[in-house]
Amino acid sequence: MALVLISGLRGGVGTTMLAANLAITVGAMGRSSVALALAPHSTLGLHFGLDPHQALPGFAASSSDSGAIHGVRLLDASGQAASGDLGDGLSSGDYSFAGDAIHIADLSGTDARVAAQLRAHADVELCVLVPSAECVYALPAALETLPDNALFLLNRNDDTRRLARHTASFVRELLGDRLIATIQADEAVAEAAAMMQPLMRHAPASAALADIAALGERLATLPRSREDSVQTVDRAWRSNAA
Ligand SMILES: Nc1ncnc2c1ncn2[C@@H]1O[C@H](COP(=O)(O)OP(=O)(O)OP(=O)(O)O)[C@@H](O)[C@H]1O
Ligand SMILES: [Mg+2]
């Protein structure tokens, strides 16, 4: 089992896009993959060709109720998250992340309570930020509140822009080996979303997909035991920091 949390340092930084496309990459690598929506009106389905108004199978759905789309089972736990049932259900064992699948949970649009409930069961939390002044200002406070073992992804990186370049180097300095991947700013990302397609389908040769695939490869090799995978993330991933 594995639970990977994708959270955003702020709204709009690409959390949902990364959760969706990482889940698709993991599935394409032959590992059973589940993408978990936690916010009401999640846009996760958009990246799989689903109308965002279309209801996804509930978190408790058996695998037969929820067929894979682009190699990923999409599940919606927003009801359980809103009612508080998620934390209780995970503690009592009614809900679990057991099995071979890698669960990738999109925390964008959720509150701190939902994140806290899931953290107790997560192998790793990847917090997304972009090279912007707003993220730089938000970072010190986030470092105080996020768990010590949370790692970071720098999305929408653009080395051709001076401000983005300088901001990225400041972020690198601040985060050190906790910044484990950089994903390029790439028009193909917005185009793929507009076409309601996975990046892999819409722009297989895109720069952003290459970065996402490299990260997805690491996720796909997470050991099946949580204890082993927490250690792998802490040692191997941080030693290969971005
Ligand atoms: N690497 C990238 N290059 C270019 N555009 C990107 C990239 N990553 C994300 N985007 C664009 O940024 C926008 C926000 O993405 P997304 O909805 O995934 O963010 P979010 O953090 O989940 O937002 P919210 O807080 O609203 O849930 C989208 O228009 C998406 O296409
Ligand atoms: Mg989102």
For this session: Return the pairs, sorted by first residue and then second, in which the second residue is away from ligand 2 (no atom under 14 Å from the Cβ) and at pLDDT below 90, the first residue lies in the stretch 42-58 and is over 17 Å from residue 201 (Cα atoms) and hydrophobic (A, V, I, L, M, F, W, C), the beta carbons are less than 9 Å apart, and the residues are 6+ apart or on different chains.
Result: 56/66
Exercise. What single numbered condition from (1) more than 11 Å from ligand 1 (Cβ to nearest atom); (2) charged (D, E, K, R); (3) without any contact (Cβ under 8 Å) to a residue 40 or more places away in the chain fails to hold for residue 177?
Worked result: (3)
Exercise. Restricting to the stretch 212-229, what's the tally of residues that are within 16 Å of the chain's Cα centre (by Cα) and part of a helix (DSSP H, G or I)?
Worked result: 9
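State yes or no: is residue 15 among the polar types (S, T, N, Q) and within 16 Å of ligand 2 (Cβ to nearest atom)?
yes
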Problem set entry | Identity of the residue in the stretch 18-38, of a type in the set (S, T, N, Q) and away from ligand 2 (no atom under 14 Å from the Cβ), that ends up nearest to residue 80 (Cα to Cα) | 33
Problem set entry | Residues within the stretch 158-211 that are in contact with a strand residue (DSSP E or B) (Cβ under 8 Å, 6 or more places away or on another chain), over 20 Å from residue 142 (Cα atoms) and not in a helix (DSSP H, G or I), tallied | 4
Exercise. Does residue 7 meet the test of being of a type in the set (Ser, Thr, Tyr), near ligand 2 (Cβ under 9 Å from one of its atoms) and touching a strand residue (DSSP E or B) at 6+ places or on another chain (Cβ under 7 Å)?
Worked result: no
For this session: Keeping to the stretch 112-144, report how many residues are assigned to a helix (DSSP H, G or I), of a type outside the set (Lys, Arg) and more than 23 Å from residue 232 (Cα to Cα).
Result: 13
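How many residues, within the stretch 4-44, are assigned to a helix (DSSP H, G or I), buried (at least 22 other Cβ atoms within 10 Å of the Cβ) and either of a type outside the set (Gly, Ala, Ser) or away from ligand 1 (no atom under 12 Å from the Cβ) (or both)?
Going through the stretch 4-44 one residue at a time, the tally reaches 12.
The values are calculated or read from the model by the stated rules, or taken from the named source; none is laboratory data. This one's a predicted model, so the numbers in the text were calculated from it and none came from an experiment. Positions of Cβ are backbone-derived with ideal geometry, glycine not excepted, and every protein chain shown enters the neighbour counts.
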